[in-house]
Every structure is written in C-alpha cells, then in structure tokens.
Amino acid sequence: MAALPFGIGPMELGLVVLLALLFFGPKRLPQLGKSIGKTVKAIRDGVDGDAEEDAKKSEAKSEVKGKTDEEE
C-alpha cells in the first residue's frame, strides 16, 4: 500500500480519524470538515492571486474614481 504525504500510513490515518470522531463527535465532524475545506480553498485562492480578478477590481476602482472626478 502507498504511503500518504508526510509518511502517514493507513494505521496512523485511522487513528487520527478515530480521535477526531471521539473528540468532536459525529454531529460536529461534518461541520469541521466543511470549515477546513473552505479555509484551504481561501488560502489557495489567496496564494494563487487570480490575476483576472485583481484586474477587474482595479478596473472597477478606476471607473468609480473617474466618475467622482467628472462630477466635481
């Protein structure tokens, strides 16, 4: 069987899941997984720094600034 990242084997992974189940309980475990997933996604988006999204934001800011300059 292939080892998981950081040298974690299937027995260690099972132990971690069992401890998490005992510590958080079966009702809160899905919520915990969901929040961890959202956090990882936000970190990846922040690190990647989507260039298109940044360009759109700066474009929108310049349009707003241009409108306020014209109004004066």
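Quick one: net charge of L21's neighbours, Cβ under 12 Å, K/R +1, D/E -1? Display every interim value, and only then the final one.
Values: positive: K27, R28; negative: none.
Counting the neighbours of L21, the net charge comes to +2.
Report the full-extension gain for the segment I36 to V16: residue separation times 0.36 nm, less the Cα-Cα distance, to one decimal in nm.
Working: separation 20, 0.36 × 20 = 7.20 nm, distance 1.53 nm.
Going from the current span to full extension adds 5.7 nm.
Modelled label-to-label distance, I8 and E59, 7 Å Cα→beta-carbon offset: nm?
In this crude spin-label approximation the distance works out to 4.1 nm.
None of the figures in this text is laboratory data; all of them are computed from the coordinates on show. Since this is a predicted model, take the numbers as computed values, not measurements. When we count neighbours, we look across all protein chains shown, and the Cβ atoms used for this are built from the backbone with ideal geometry, even at glycine.
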